[in-house]
Amino acid sequence: MVQALNNISWWLKDINKEKALAFTLPLGFYLGYYFDDDNFKVFNSLDTVFQVQKNNNDPLVYETAFIFSRCLSQLNKSESEPIKNTFKDIINQLKYYVFNLDNNQHRGTPKLRDFIRKEIGKEKIPIDSMNISEKTLKEFLFEETQYIQPSTLRNIIDALEFEIDTSTPICIIKELKKKDIDKKFEINLEKFKNFPKERQISELFTSYLVHYYKEKIDLKKIIKEIEDDSLIEERCDYYTKELVNSIFERNPKIEFNSLLTNVQEPKIHTNKNITFNEHPFYLGRKEVVKRFMKDLNKKNLKEFIENYIGLNARQKKTIEKFIMNYGRYYDLKDIPKEFTPKVPKEINSFVKKYTLKRKPSAISFYVFEGEEREELVEIVKAFEI
């Protein structure tokens, strides 16, 4: 399925770029659903998605580039060399598309200064209507200051109206994404806090496991704030806000027959209408993690998360792989009973304690081989105590 969607998207990108873009949604979803980070199909399909989104000036192109860069960074040298040789084009462009969600000040590049001059001049906006001081703006535009504060840049953006394309300075995109996150979070935080505490923790942990932002999150601190009713907007950085927002993103309904027949209108994104939806890659992964979380005994949820937090980075990656494969093989029904693996004794106590289903647990265990399986067994022992 992934290969077919990838081929269709690639073939259509030079014939009908809007239809090609429509096919990247199921492609991204099933890519996250079926494959681990180090699979060649991940890089091949993300490259296709990136090229199609770039041709359409689609806002998701920035997240696709981020996902590609994160997957690449997790490979060792021998694994990464063939990827770097095969996908030189996207790798050379990553620096123009990848940004973090911190709130640090922005460097004043010639491209950014030229962009602001051009847009202010085009609209003939008076400086006193931009909610910034004339002195601050002139010092930045005439290179007397080398940096600009996020709030200052946000005020400039809000006073203007311009079309977004892939040549728009990356710090403009970053501030627009942060603004979009803030807007959604203002609504979603209240909905989130209305959940029972157990569901808040479960939903946050699900979102946490599927996103590459998790390395920036202090999960233990956030869970404590949930339990203490002290999780407020002022305590949340943009990584936390993004994870909470993702809880309320829903899978788009995709009718494959309509993808080719429906007329796809080109979309023009401006700073006034742009929104950054959840990447379908994360939505696919969330679908498989939800199956594990549904079966996990909620009585032991907090203990499971505490054990997870205590693992090192490599161990976390191993248990995450087990969780993902549990969800991927959840509905496997066509294996004859005599060929269905039994839960091995090494994880039997773990499976019983956390009330996991036996068939997906056994299959997920046997996906691991050699040293990786031995490591999984050692990790599981820590969860059984």
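The values are calculated or read from the model by the stated rules, or taken from the named source; none is laboratory data. None of the values given here were measured: they were computed from a predicted structure. Positions of Cβ are generated from backbone atoms using ideal geometry, with glycine treated the same way; all protein chains shown enter the neighbour counts. Side chains are part of the model used for accessible areas, which takes the heavy atoms of the whole protein and leaves out ligands, DNA and RNA. Shrake-Rupley method; radii C 1.70, N 1.55, O 1.52, S 1.80 Å.
More than 17 Å from Gly32 (Cα to Cα) and either without any contact (Cβ under 8 Å) to a residue 60 or more places away in the chain or in a helix (DSSP H, G or I) (or both), is that true of Ser78? So Ser78 passes the test. Taking (1) touching an Asp or Glu at 6+ places or on another chain (Cβ under 8 Å); (2) open to solvent by less than 60 Å² (accessible area, probe 1.4 Å); (3) of a type outside the set (A, V, I, L, M, F, W, C); (4) under 27 Å from Ile217 (Cα atoms) in turn, Tyr97 satisfies each apart from (1).
Residues that are touching a residue at least 24 places away in the same chain (Cβ under 8 Å), open to solvent by less than 40 Å² (accessible area, probe 1.4 Å) and either more than 30 Å from the chain's Cα centre (by Cα) or within 24 Å of Phe68 (Cβ to Cβ) (or both) within segment 114-152 comprise Glu119, Ile120, Ile125, Met130, Ile132, Phe140, Leu141, listed in sequence order. Checking Leu160, Leu204, Leu176 one by one, the residue that is more than 30 Å from Leu112 (Cα to Cα) and open to solvent by less than 40 Å² (accessible area, probe 1.4 Å) is Leu204 and no other. Applying the criterion of being polar (S, T, N, Q) and part of a helix (DSSP H, G or I) to the residues of segment 56-75, the residue that is least open to solvent (accessible area, probe 1.4 Å) is Thr64. Across segment 86-110, the qualifying residues are those that are in a helix (DSSP H, G or I) and closer than 17 Å to Leu176 by Cα, and the one among them that is farthest from the chain's Cα centre (by Cα) is Tyr96. Checking the stated criteria, Phe195 turns out not to satisfy the condition of being assigned to a loop (DSSP other than H, G, I, E, B), surrounded by 13 or more Cβ atoms within 10 Å (Cβ to Cβ), touching a Pro at 6+ places or on another chain (Cβ under 7 Å) and not charged (D, E, K, R). Here Val52 does not fit the description of being closer than 16 Å to Asn325 by Cβ and part of a helix (DSSP H, G or I).
Table: residues versus (1) under 21 Å from Val289 (Cα atoms); (2) among the polar types (S, T, N, Q).
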| residue | (1), (2) |
| --- | --- |
| Thr166 | no, yes |
| Lys174 | no, no |
| Glu186 | no, no |
| Thr206 | yes, yes |
| Lys220 | yes, no |
| Tyr239 | yes, no |
| Asn245 | yes, yes |
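A quick yes/no check of all residues on (1) of a type in the set (Gly, Ala, Ser); (2) buried (at least 16 other Cβ atoms within 10 Å of the Cβ); (3) out of contact with any His (no Cβ under 7 Å at 6 or more places or on another chain); (4) closer than 27 Å to Asp218 by Cβ:
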{"position": "Ala313", "(1), (2), (3), (4)": "yes, no, yes, yes"}
{"position": "Lys316", "(1), (2), (3), (4)": "no, yes, yes, yes"}
{"position": "Leu332", "(1), (2), (3), (4)": "no, no, yes, no"}
{"position": "Val343", "(1), (2), (3), (4)": "no, yes, yes, no"}
{"position": "Asn348", "(1), (2), (3), (4)": "no, yes, yes, no"}
{"position": "Ser364", "(1), (2), (3), (4)": "yes, yes, yes, no"}
{"position": "Glu371", "(1), (2), (3), (4)": "no, no, yes, no"}
{"position": "Ile379", "(1), (2), (3), (4)": "no, yes, yes, yes"}
{"position": "Glu384", "(1), (2), (3), (4)": "no, no, yes, yes"}
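Selection within segment 1-44: residues that are free of Cβ contacts under 8 Å to residues at least 12 places away in the same chain and in a loop (DSSP other than H, G, I, E, B). The member of this set that is surrounded by the fewest Cβ atoms within 10 Å (Cβ to Cβ) is Ile15.
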